[in-house]
1. Which order, highest average first, do 46-53, 85-92 follow once you tally other Cβ atoms within 10 Å for each residue and take the mean per peptide?
2. Given points 7 Å out from each Cα along the Cα-Cβ axis, report the F139 to S103 separation in nanometres with one decimal.
3. Segment 56-166: D in µm²/s via Stokes-Einstein (Kirkwood Rh, Cα pairs, 4 °C, 1.567 mPa s)?
4. Along segment 67-82, what does the Karplus equation 6.51 cos²θ - 1.76 cosθ + 1.60 (θ = phi - 60°) give for ³J(HN,Hα), rounded to whole Hz, x for Gly and Pro?
5. Charges on Cβ only, +1 for Lys and Arg, -1 for Asp and Glu, centred on the Cα centroid of the chain; of T37, A111, S53, which one is farthest towards the dipole's positive end?
6. Stretched out fully, how many nm does the piece from E63 to A8 gain, at 0.36 nm a residue minus the Cα gap?
7. Output the relative contact order of the chain, whole-number percent, from Cα pairs under 8 angstrom with separation of 6+ residues.
8. Determine which residues of segment 55-88 fall in the zone a paramagnetic label at M202 would reach in this model, i.e. backbone nitrogen under 18 Å from the point 7 Å along Cα→Cβ.
Amino acid sequence: MASLYTGAVRAVHSGGRTSVFFPVDSGVLQGWVLAPTLFHACMDWVLGRVVGSSSCGASVGEERFTDLDFADNAVILAESIEALIGALERLREEFECLGLLVSWIKTKIQAFNDFLGTATCSVSICRENVELVERFTYFSSDIHASGDSSYEVSRKTGRAWGVMRSLERGVWRRRYLCKNMKVQVFRVLVLPVLLYSCETWMLSSEHLNFG
């Protein structure tokens, strides 16, 4: 990839005029066409080495999951704190070999059982204190350590009501807008906010009771 831009020059053409040519100092950046392919390949390679050299992973029924990845975000699953620490230490080592760093400030630990043994607010990993949280927002989903979806349902309901209120004067009170148009607006602007990631919710009879 470096050979594609090493020694290259470029210019900006706008309004019928072309700027002075300048050298290319950096290669593929975030947002460029090739960035997703290259970055995903890098993440897959790193996490593959982490999984292969550590004891991370958690069993759900007959299936076993080691990690969940999206772009530069990764979730590492483990059934013990020792396995998790080992996997994160290995992750740091593999990243540093590629010139990448783990953002320890953004890294959080969420325990879905009592695998920590004693109450604590943080865990020391690679000389960094990683916060232990009860709730964590991951891609706009509020995940609670208890597995209860009530927090997420309440948050999404509140956001949906916020969108409803913001459309009060501009849409709902406009008499010249027919009912079908308002229904379409509701489906396009309100429902997606309410139902985003609803496939992961564990609903009870209380959630389904709209009365």
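Taken together, the values in this text are just the output of simple stated rules run on the coordinates, not laboratory data. Every value quoted in this text rests on a predicted model; they were computed, and no experiment measured them. Note that each Cβ is placed from the backbone with ideal geometry, even for glycine, and that neighbours are counted across all protein chains shown.
1. 85-92, 46-53
2. Going by the 7 Å Cα→Cβ label model, 1.6 nm.
3. Values: Rh = 15.8 Å.
For the chosen part, D equals 82 µm²/s.
4. 7, 10, 10, 8, 6, 9, 9, 9, 10, 9, 9, 8, 9, 8, 5, 5
5. The residue sitting farthest along the positive end of the dipole is T37.
6. Details: separation 55, 0.36 × 55 = 19.80 nm, distance 4.94 nm.
Gain in length upon complete extension: 14.9 nm.
7. Relative contact order for the chain comes out at 10 percent.
8. So the set is 58-65, 77-79.
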